[in-house]
Structure formats: C-alpha cells, structure tokens
C-alpha cells in the first residue's frame, strides 16, 4: 500500500507539473467552430495532454481549473472508482430463499427474492430465476413472493422532477431490485392479413390491461410513436388511439412504466403466471425474514462482471446502471480501505447503500488515489444532475492515473469509439476508430472526455466541457469534432 500510494503521489505530481505548464492557445479550427456556434470562450473548458503523464508541456489548456457541469462524462469517475475498488471481475448476486416444504408441486411457504443492487437484472435473467424455482418442483406457491429492496436506501422522487419527462427510460430511479430498468418494451409487428399491427408487451405486467392490436395506417413511417397516440396516463391500462404505418415494419419502443413503484411486483407476478406458475398469496415488498439472513440461499443468480457492466454504462450512457454502481460503492466499500481519515468530516460513516455514503466513499477515494486538493462534486454519480461539478484538470488527472493503472484496458474498452459504436457511432470526425471518448449531454451542457490517438503514435487525454445555452446545437457538436481532429493531427 505504501509503494502504491508513493507511486500515485509521484504520478499526480508529474500530472500537476504538466497541467501547470503553459498550454497553447485554442486552435484556429476549434476557435472558428466556437464562433459559428456562438459559444463564448468563457463557457468552455479544454485540456489536451499526453496520456502517460510524463509530458512537460500541455498542448492545450483553456479554463482547465474551472469546475463545470460534466453531464454524463461524470460516469468516468464512477466506473473507474468501481474498477479500482471492486475489481473488474466483481459481480452482484441476487439470492432467493424458499421457506417451507414442497409436496405435489405446491410450496407451502414464502419465496423471498433479495435485491442487492444488480445493475442489469433484465427480463431474460428474471425468467431464468423463476425457471429455476420451477426446477425445484414448485408449480404453486401457497404463500407469498416477497421482494426485498432494503439493501439500498433510495429517496422517493418523482421521475418527472429532472426534466418533466417521466416516461423517458433515462429518468428511471435506482433500486436494490432493479428489474429490466422498470421499462415496458413494446414490439409492433404489421399483419396485413388482419390490417392490424400486433403489439407484444414485455414483461407481461400483472393487473395491467394492454391493447394487443393497433389498426394499420398508410403512408411513410415518419413519427410512428406520435401516430400511435399512446395513452400511458392510467398505470393499469396501456392504450393507443391512433394507427401504425405498415411501412414501418417491426419497431421496438421501450418506455418507463407509469407507476415505477409497483413495477417489480407486477413484473414478477406477471412472469410467474405467464410461465404457468400459480400463487395463492400475493407478490409484495418486504424484508427477508430474520431467520433467513444468515442462512445459505436456496439459489442465487449472479450478474455479469463489472468489466462488462461498465461497457453498457459508458458506451450507451446508461444513467440508472451508473447510479446502481455508484450506490454499490457506498454499500460495499469500507472506509478502512483508505489511508486517510475514515470520513470526510471525521464522523462515523453514514449507513451503507445510500447516496450520502457513496459520496463519502468517492471523496475519500479521490483524495487517496487521485488528488488531495481538487475535489469534484458528486450527486448520483451518473451525470444526470444539475449539481455535479468537475474541472477539466481534475478529470484529466484521473484519466492519467487510470491510464497508468492495471485497469486501463477495461476502462478504455468501455468507452465509445469515434465513428464506430455507442454514443459516438455517428460522430462526424476524420478520426474513425482513433478516439475513445465518453460523451455527455444535458440541456445547456455538452462534454467529451477520454483518449485520442495522435498521428505520431502518442496517445492524448482530451477533456472538453461546454456549459452554455447553445451547447445542444449542431454547432457545439462541430466544436467537439474539430477538437478531436486537431488532437489527432498533432498540429503544433
């Protein structure tokens, strides 16, 4: 630990020296793009320097010390901290406890499913969990299915609070038992013989009436979602008042369920019944019985590894998965892991599994591993926040530490590749495949951060943050493209 701390201290010192050196002015092509986008220089923070941290000069530094809203670029701090603290092979388990006896296909007792923060408990894995219950010879549960969500402390929040879009999947709140991101996936398939589009809903939510067909329409596909005139106002009924154009072919439309609090209950009961199971009691929320907490679970399902999970988070900017990982840090990482004080204020750490605990872990990790002086501001760790702040200098320093760490390959492979995949698939740049960058977008915010390969073979850390009313325009995206191209060309 002493050697590692000394090594990181030397690296941070080298990074600080590099950042303190005078960087070049904003490149002419980037400056011209800013002018076209009508974005003032005071709304921009830029930093480009060698990734290995050994450079004595910085190629570009503009307002690099100014804290800015990073949008989803903040996911870089959460995912790298998780790699460093939990390891790339870390997995989440969801234990299942079966109480009572099974006779003639009937379980007389309860089944408890204990959520522990799995970021990707999607329908296929829930189906396998329930299928394994059936494999125990259980056809009927003469009792309840208890869903335990106590592992995480999530404050009640209206999903419309952030931007007034409660049905957008990115606004889904985290949950200890996060099933399928609390989303309903609707698949529309034209059937010309019946002049209707068949609608399949996954999962089949218990107690929710779902319209099985929609009349076919003519003409171009266009805004097929608007043409459907979907009505999600009643959580117990999903209806369509419009038509579906036959020219659309098959389309898949995921939406956040209108009543997220009841989603897990409805999804588990709906899937259990759909696969032929029966239950005489109910599916309900509750805590695991005290007698079971120290017992070995009857079965458990494990998530994909953290290295795989962060690919979904960073390549596709999945907000709720990032928050699940962020919360898991507060739940699983003891403060004694760090060489510095036990908590930011010297007090006893707060209860695990909360945003407050996770912020404390991130602050202590940052001071211990990255920088003891310049501390970012974390809210939920996903960047879906108006409160999170980080400077280009601080983020670049973390990326340099990550680049020299054993987990560099896992972090870099999780990032979108310019012009190839993820949120950079349509990136209009000459550096196709030459940049691995996390993207960030909020109202009035656009950001890019990661690594760019230069023409000479050098690799650079690039951080670009724009906080301005014109940040969400095509012009602002052109600024980012121009900066990446300039970095790759290595123009003096």
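See the values below:
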{"quantity": "Selection from segment 474-488 of residues that are under 13 Å from residue 35 (Cβ atoms) and either outside the structural domain of residue 34 (by TED's automatic domain parsing) or out of contact with any strand residue (DSSP E or B) (no Cβ under 6 Å at 6 or more places or on another chain) (or both)", "calculated": "475, 478, 479, 482"}
{"quantity": "Enumeration of residues in segment 456-484 that are surrounded by fewer than 17 Cβ atoms within 10 Å (Cβ to Cβ) and in a loop (DSSP other than H, G, I, E, B)", "calculated": "456, 457, 458, 469, 472, 473"}
{"quantity": "Test: residue 39 is within 24 Å of residue 301 (Cα to Cα) and buried (at least 22 other Cβ atoms within 10 Å of the Cβ)", "calculated": "no"}
{"quantity": "Test result for residue 203, out of contact with any strand residue (DSSP E or B) (no Cβ under 8 Å at 6 or more places or on another chain), assigned by TED's automatic domain parsing to the domain that holds residue 171 and closer than 26 Å to residue 146 by Cα", "calculated": "no"}
{"quantity": "Some residue of segment 447-455 being assigned to a loop (DSSP other than H, G, I, E, B), in contact (Cβ under 8 Å) with a residue 60 or more places away in the chain and either within 21 Å of the chain's Cα centre (by Cα) or surrounded by fewer than 19 Cβ atoms within 10 Å (Cβ to Cβ) (or both)", "calculated": "no"}
{"quantity": "Segment 139-157, subset modelled with pLDDT of 95 or more and not in a loop (DSSP other than H, G, I, E, B), residue nearest to residue 357 (Cα to Cα)", "calculated": "148"}
{"quantity": "So residue 424, is it over 17 Å from residue 33 (Cα atoms), surrounded by 21 or more Cβ atoms within 10 Å (Cβ to Cβ) and in the same structural domain as residue 37 (by TED's automatic domain parsing)", "calculated": "yes"}
{"quantity": "Which numbered condition residue 137 misses (of (1) over 17 Å from the mean Cα position of the chain (by Cα); (2) closer than 21 Å to residue 270 by Cβ)", "calculated": "(2)"}
{"quantity": "Meets criteria (within 21 Å of residue 296 (Cβ to Cβ), touching a strand residue (DSSP E or B) at 6+ places or on another chain (Cβ under 7 Å), surrounded by fewer than 21 Cβ atoms within 10 Å (Cβ to Cβ) and outside the structural domain of residue 323 (by TED's automatic domain parsing)) for residue 133", "calculated": "no"}
{"quantity": "Every residue from segment 104-138 that is assigned to a helix (DSSP H, G or I) and free of Cβ contacts under 8 Å to residues at least 12 places away in the same chain", "calculated": "124, 135"}
{"quantity": "Residue check, residue 406 modelled with pLDDT of 95 or more, over 21 Å from the mean Cα position of the chain (by Cα), more than 24 Å from residue 117 (Cα to Cα) and in the same structural domain as residue 69 (by TED's automatic domain parsing)", "calculated": "yes"}
{"quantity": "In segment 409-442, the residues that are more than 17 Å from the chain's Cα centre (by Cα), closer than 30 Å to residue 165 by Cα and part of a loop (DSSP other than H, G, I, E, B)", "calculated": "418, 419, 420, 425, 426, 427, 428"}
{"quantity": "Check on residue 45, touching a helix residue (DSSP H, G or I) at 6+ places or on another chain (Cβ under 7 Å) and at pLDDT below 95", "calculated": "no"}
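Yes or no, residue by residue, for (1) at pLDDT 95 or above; (2) under 21 Å from residue 355 (Cβ atoms):
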| site | (1), (2) |
| --- | --- |
| 115 | yes, yes |
| 126 | yes, no |
| 162 | no, yes |
| 176 | yes, yes |
| 188 | yes, no |
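The values are calculated or read from the model by the stated rules, or taken from the named source; none is laboratory data. Fair warning: this is a prediction, and the values are worked out from it, not measured in the lab. Glycine also receives a Cβ, built like all others from the backbone with ideal geometry; neighbour counts cover every protein chain displayed.
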